[in-house]
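Participant: If you scroll down you'll find the structure; I have some questions about it.
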Amino acid sequence: MENLKNHATAAEEFIKDEPRTDWHDETLWFVRQKRDLAAHTLPEWEELREWGSQIKNHTLSNLDEYLENFETNAQANGIKIHWAKDAEEHNQIIHKIITDNKFEKIVKSKSMLTEECHLNEFLIQKGIAVVDTDLGERIVQFRNEAPSHIVLPAIHLKKQDVSETFHKHLNTEKGNNDPQYLTEAARQHLRNHFVESELAITGVNFAVAETGGFVVCTNEGNADMGVNTAKIHIACMGMEKIIPKAEHLAVFLRLLTRSATGQPITTYSSHFNKPRPGQEMHIVIVDNGRSRQLGRADFRNSLKCIRCAACFNTCPVYRRSGGHSYHTAVAGPIGSILSPNLDMRANADLPFASTLCGSCSNVCPVKIDIHEQLWKWRQVLVNEGYVTTTKKIGMGGMAMVFAHPRLYRLLGSIGRKTIKWFPFFVNNKLNPWYKQRDMPEAPKESFRDWFKKQQK
Amino acid sequence: MKVALFVPCYIDQFYPNVGIATYQLLKKLGCDVAFPLNQTCCGQPMANSGFSATTTGCDKNFVENFKGFDYIVAPSGSCVLHIKDHLKDEQNPEEAKKIRNSIYELTEFLVDILKVTNLESTFPHRVGMHISCHGQRGLHLSSMTETMDKPFSKPEQLLMQVKGLQLLTPERPDECCGFGGTFCVFEEAVSVKMGKDRVKEHEANDVEYITAGDVSCLMHLEGILKRQNSRVKTIHIAEILNHTV
């Protein structure tokens, strides 16, 4: 019941280019180190994490109330609120606003929710094109790829790749890999889209219940550039983006970028409270499985996530397998605990794409017990039957052997003798261990044999 | 002090020397060491693969073997963590609970319970320290680079007492080696790549040995080192601490 291309297979392909894998690993490790430096400069770091965690726990426990508060206050500010129970409804709502207004020029800043809902693909099928304005997102959009990282969407690409892509789509000089030259080309290209935009779609980092306003964080200012000229601003948010009070931003804005890139704060943390005169502002609040996740006692606190991607950058598996190997909008360790909720069958491989080393939980700014949830998802997936028959038989057999000490001793002895006398039984292509690793040498006696001799 | 020695299944079968070193070391330090003969496995390989529902028999056998001891000690952070977090026995819930609270990883036992400060061991070699994730992040045997703890390390505290030993830290001091239980075969490519990267950092330090508190990490790294015909060898920390000239 594995996917056609599950994480392990896709990762194996990624690793075939070893120098590139090293580069990917080192680039993200560098980001992790910047996070460490930023965190270590704040004596109150662990306290901030605890506060972030508690505020989110509290909010999740009172989510209905805060969502209603938010709606009331936002509406009082003149913002239109839409509720979407799933991705389809989210896409329909946006599509309707576009067709009602006959919009053709649409820009969108980064929103992982719209990736999760596959908004771009949905609109393309209706003949509507959206221009992604985050530089990394624009690059992957040109290449018809998905973002491979929620903060650094094009981190799987080198400047040479960007140069080729821009040569093809923006007519830049072939072979000119100068980052400044390439960025300037993107600037000029995007500027036209900003000026002409009729509709600007943004994500939401934090929606403040007490004010009815919301905050969008970018480093490029592209969200602001987009909404400044557009007639309508639509902000899309997962319903877990709520925080109770504006003062809580003092916790989350400090945690977010330090965890993400090691910056003290995003270059632009833009507060939107009401539409400017003549503009319409809409917010689409999306469930898409979040209520279901909230009802899973073991997994509900995954909804605390503020999408900083610190768990991506620290994950030794992510760094060596690339975001696309996770085949979901949100990759990395957090994606592996969120995605099975969206589709257990399609994402049954993801909780196994981890060594359970625990580094993800340690860097998480809101203290999600990510690696423990990975372990728990494994139990759920096996109980629900999303596991291959071979694995089931193998594990059942092992469990039986370990429950019966005499059988264990007998098989242990046979196993050791097999390796010793018939090494080709294990040293062959069918044994994945042996592909790139030698087998341990088989000793002539077990510890138990030795111990019993001592006692005589 | 009545101490039960738990020698995890794969150590029993493939690395008996690690069990022997642990046994001898504990005896040397004055412990009354028992080895319950019907012990098998902690159940981790099944549970970490999602099959914790199948470990009832294995758990029961563990409780049967290890009930009634003051302490249980094992040369493996990973197996100890599994017992601490997951051992249960519906017929014997009190015994299971007692075991969960009295099982120790070897270096933790030496530092916290025996309070060893003066080991009589010698190992005149350049040794690279591999920190095993479950011992570190699970059992907190040492501080972690991600968190803001003051630096400390129980295994290193012991290795510093070994005469002649030169301890070397790899560039990324606490990155996972990629073993990860069944991960090592189901995610073979990533697993091996992670191991190769660990090995590379230790080789850059020109070490003669890589040591760790977990044989599973070492078995994985050893497999890679041997395949690469490296000069570097692996050795469990118990073998070093028990080593005399």
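The values are calculated or read from the model by the stated rules, or taken from the named source; none is laboratory data. Remember, predicted model here, so these are calculated numbers, not experimental data. We place every Cβ from the backbone using ideal geometry, glycine too, and count neighbours over all the protein chains shown.
Participant: What residue, of B:ALA53, B:ALA34, is among the small types (Gly, Ala, Ser), out of contact with any helix residue (DSSP H, G or I) (no Cβ under 6 Å at 6 or more places or on another chain), within 21 Å of B:ALA238 (Cα to Cα) and surrounded by fewer than 21 Cβ atoms within 10 Å (Cβ to Cβ)?
Facilitator: Numbers: B:ALA53 fails: within 21 Å of B:ALA238 (Cα to Cα).
That would be B:ALA34, the only listed residue that is among the small types (Gly, Ala, Ser), out of contact with any helix residue (DSSP H, G or I) (no Cβ under 6 Å at 6 or more places or on another chain), within 21 Å of B:ALA238 (Cα to Cα) and surrounded by fewer than 21 Cβ atoms within 10 Å (Cβ to Cβ).
Participant: Going residue by residue through region A:88-97, is there one that turns out to be within 26 Å of the chain's Cα centre (by Cα), outside any helix (DSSP H, G or I), assigned by TED's automatic domain parsing to the domain that holds A:GLY136 and among the aliphatic types (A, V, I, L, M)? Quick ask: steps written out before the conclusion?
Facilitator: So the first thing to find is which residues in region A:88-97 are within 26 Å of the chain's Cα centre (by Cα), and the list is A:88-95.
Narrowing further to those that are outside any helix (DSSP H, G or I): none.
The answer is no, given that none of the residues of region A:88-97 is within 26 Å of the chain's Cα centre (by Cα), outside any helix (DSSP H, G or I), assigned by TED's automatic domain parsing to the domain that holds A:GLY136 and among the aliphatic types (A, V, I, L, M).
Participant: Being among the β-branched types (Val, Ile, Thr), buried (at least 17 other Cβ atoms within 10 Å of the Cβ) and part of a loop (DSSP other than H, G, I, E, B) is the filter here; which residues of region B:99-140 pass it? Before the answer, list the steps.
Facilitator: Taking region B:99-140 and keeping what is among the β-branched types (Val, Ile, Thr), we get B:99, B:103, B:107, B:111, B:113, B:116-117, B:122, B:127, B:131.
Checking the rest, the ones that are also buried (at least 17 other Cβ atoms within 10 Å of the Cβ) come to B:99, B:103, B:107, B:111, B:116, B:127, B:131.
Listed by number, the residues that qualify are B:VAL116, B:ILE131.
Participant: Identify the single condition in (1) assigned to a loop (DSSP other than H, G, I, E, B); (2) touching a Phe, Trp or Tyr at 6+ places or on another chain (Cβ under 9 Å); (3) in contact (Cβ under 8 Å) with a residue 60 or more places away in the chain; (4) away from chain B (no Cβ under 11 Å) that A:ALA346 does not satisfy, given that it satisfies every other one.
Facilitator: Condition not satisfied by A:ALA346: (2).
Participant: Could you say whether any residue in region A:220-239 is within 22 Å of A:HIS82 (Cβ to Cβ), within 21 Å of the chain's Cα centre (by Cα) and either among the charged types (D, E, K, R) or in a helix (DSSP H, G or I) (or both)?
Facilitator: Initially, region A:220-239 is screened for residues within 22 Å of A:HIS82 (Cβ to Cβ), giving A:223, A:226-227, A:230-239.
After this cut, where a residue has to be within 21 Å of the chain's Cα centre (by Cα) as well, the list is A:223, A:235-239.
Cutting the leftovers down to either among the charged types (D, E, K, R) or in a helix (DSSP H, G or I) (or both) gives us A:223, A:239.
Yes: region A:220-239 contains one or more residues that are within 22 Å of A:HIS82 (Cβ to Cβ), within 21 Å of the chain's Cα centre (by Cα) and either among the charged types (D, E, K, R) or in a helix (DSSP H, G or I) (or both).
Participant: Right, something else. With the requirement that a residue be over 27 Å from the mean Cα position of the chain (by Cα) and of a type in the set (A, V, I, L, M), what does region A:42-81 give you?
Facilitator: A:ALA74, A:ALA76, A:ILE79, listed by residue number.
Participant: Identify the residue in region B:24-57 that is assigned to a helix (DSSP H, G or I), within 7 Å of another protein chain (Cβ to nearest Cβ) and within 19 Å of the chain's Cα centre (by Cα) and, among all such residues, is nearest to B:GLU90 (Cα to Cα).
Facilitator: Step one: filter region B:24-57 for residues assigned to a helix (DSSP H, G or I), giving B:24-28, B:44-47, B:52-54, B:56-57.
Filter once more, so that each one left must be within 7 Å of another protein chain (Cβ to nearest Cβ): B:45-46, B:52-54, B:57.
Add one more test, that the residue is within 19 Å of the chain's Cα centre (by Cα), and what stays is B:45-46.
Working: B:PRO45: 21, B:MET46: 19 Å.
In this case the residue turns out to be B:MET46.
Participant: Could you say which residue among B:LYS233, B:LYS226, B:LYS200 is at pLDDT 95 or above, surrounded by fewer than 22 Cβ atoms within 10 Å (Cβ to Cβ) and either outside the structural domain of B:LEU139 (by TED's automatic domain parsing) or in contact with a strand residue (DSSP E or B) (Cβ under 6 Å, 6 or more places away or on another chain) (or both)? Working first, answer last.
Facilitator: Working: B:LYS226 fails: either outside the structural domain of B:LEU139 (by TED's automatic domain parsing) or in contact with a strand residue (DSSP E or B) (Cβ under 6 Å, 6 or more places away or on another chain) (or both); B:LYS200 fails: either outside the structural domain of B:LEU139 (by TED's automatic domain parsing) or in contact with a strand residue (DSSP E or B) (Cβ under 6 Å, 6 or more places away or on another chain) (or both).
So the residue among B:LYS233, B:LYS226, B:LYS200 that is at pLDDT 95 or above, surrounded by fewer than 22 Cβ atoms within 10 Å (Cβ to Cβ) and either outside the structural domain of B:LEU139 (by TED's automatic domain parsing) or in contact with a strand residue (DSSP E or B) (Cβ under 6 Å, 6 or more places away or on another chain) (or both) is B:LYS233.
Participant: Here's something else I'd like to know. Working only within region B:198-219, note down all residues that are assigned to a helix (DSSP H, G or I) and either more than 7 Å from chain A (Cβ to nearest Cβ) or of a type in the set (Gly, Ala, Ser) (or both).
Facilitator: Initially, region B:198-219 is screened for residues assigned to a helix (DSSP H, G or I), giving B:198-204, B:215-219.
Those that are assigned to a helix (DSSP H, G or I) and either more than 7 Å from chain A (Cβ to nearest Cβ) or of a type in the set (Gly, Ala, Ser) (or both): B:ARG198, B:VAL199, B:LYS200, B:GLU201, B:HIS202, B:GLU203, B:ALA204, B:VAL215, B:SER216, B:CYS217, B:LEU218.
Participant: Six or more apart or on different chains, Cβ under 7 Å: which pairs go from a residue in region B:68-91 that's in contact (Cβ under 8 Å) with a residue 24 or more places away in the chain to one that's of a type in the set (S, T, N, Q) and in a loop (DSSP other than H, G, I, E, B)? Could you list them?
Facilitator: Hits for this filter: B:GLY77/B:SER132; B:SER78/B:SER132.
Participant: Quick one: is B:GLY178 assigned to a loop (DSSP other than H, G, I, E, B), facing another protein chain (nearest Cβ under 9 Å) and crowded, with 24+ Cβ neighbours inside 10 Å? Walk me through it before giving the result.
Facilitator: Numbers: assigned to a loop (DSSP other than H, G, I, E, B): yes; facing another protein chain (nearest Cβ under 9 Å): yes; crowded, with 24+ Cβ neighbours inside 10 Å: yes.
So B:GLY178 fits the description; yes.
Participant: Name the one entry in B:PHE6, B:PHE62 that is aromatic (Phe, Trp, Tyr), at the interface with chain A (Cβ under 10 Å from one of its Cβ atoms) and touching a helix residue (DSSP H, G or I) at 6+ places or on another chain (Cβ under 8 Å). Outline the logic, then answer.
Facilitator: Numbers: B:PHE6 fails: at the interface with chain A (Cβ under 10 Å from one of its Cβ atoms).
Answer to the check: B:PHE62.
Participant: For region B:207-245, which residues satisfy the criterion of being within 9 Å of the chain's Cα centre (by Cα) and among the charged types (D, E, K, R)?
Facilitator: Result: B:ASP214, single match.
Participant: Could you check A:LYS85 against (1) more than 23 Å from the chain's Cα centre (by Cα); (2) within 30 Å of A:ASN120 (Cβ to Cβ) and say which number it fails?
Facilitator: (1)
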